[in-house]
Amino acid sequence: MSEQEEIRHPQEFIELDQFLKLAQVVSSGGEAKRLIQSGAVTVNGAVETRRGKKLRAGDTVEVHGETYVIENDPDSTPPEQ
């Protein structure tokens, strides 16, 4: 069983590809796209292949055996585009 890591972001939602970069799972948008389209990412227990999937507080993302929980944090700095 993997540990859960909370990832905080300042917006109401964050798109899956941006989240993967924020969590340092991938280093680029292209890498995020390939990983997502390969079916290796689950959101709330279901395989997600849409890189623009909007994640909100309480959603869970699992990739490479790691589980991440989305948390809103209005005081944090937005991820770079």
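State whether the residues of region 6-29 include one that is at pLDDT 95 or above, in contact with a Ser or Thr (Cβ under 9 Å, 6 or more places away or on another chain), surrounded by 12 or more Cβ atoms within 10 Å (Cβ to Cβ) and not basic (Lys, Arg). No, region 6-29 contains no residue that is at pLDDT 95 or above, in contact with a Ser or Thr (Cβ under 9 Å, 6 or more places away or on another chain), surrounded by 12 or more Cβ atoms within 10 Å (Cβ to Cβ) and not basic (Lys, Arg). Checked against the criteria, GLU62 does not count as exposed (fewer than 14 other Cβ atoms within 10 Å of the Cβ) and in a strand (DSSP E or B).
Here's the yes/no breakdown for (1) in contact with a His (Cβ under 8 Å, 6 or more places away or on another chain); (2) not in a strand (DSSP E or B):
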{"residue": "GLU5", "(1), (2)": "no, no"}
{"residue": "GLN11", "(1), (2)": "no, yes"}
{"residue": "ASP17", "(1), (2)": "no, yes"}
{"residue": "LEU20", "(1), (2)": "no, yes"}
{"residue": "VAL25", "(1), (2)": "yes, yes"}
{"residue": "GLY39", "(1), (2)": "no, yes"}
{"residue": "THR42", "(1), (2)": "no, no"}
{"residue": "ARG51", "(1), (2)": "no, yes"}
{"residue": "LEU55", "(1), (2)": "no, no"}
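The values are calculated or read from the model by the stated rules, or taken from the named source; none is laboratory data. Keep in mind it's a predicted model, so treat the numbers as computed, not measured. Heads up, the Cβs are rebuilt from the backbone with ideal geometry, glycines too, and the neighbour counts pull from every protein chain shown.
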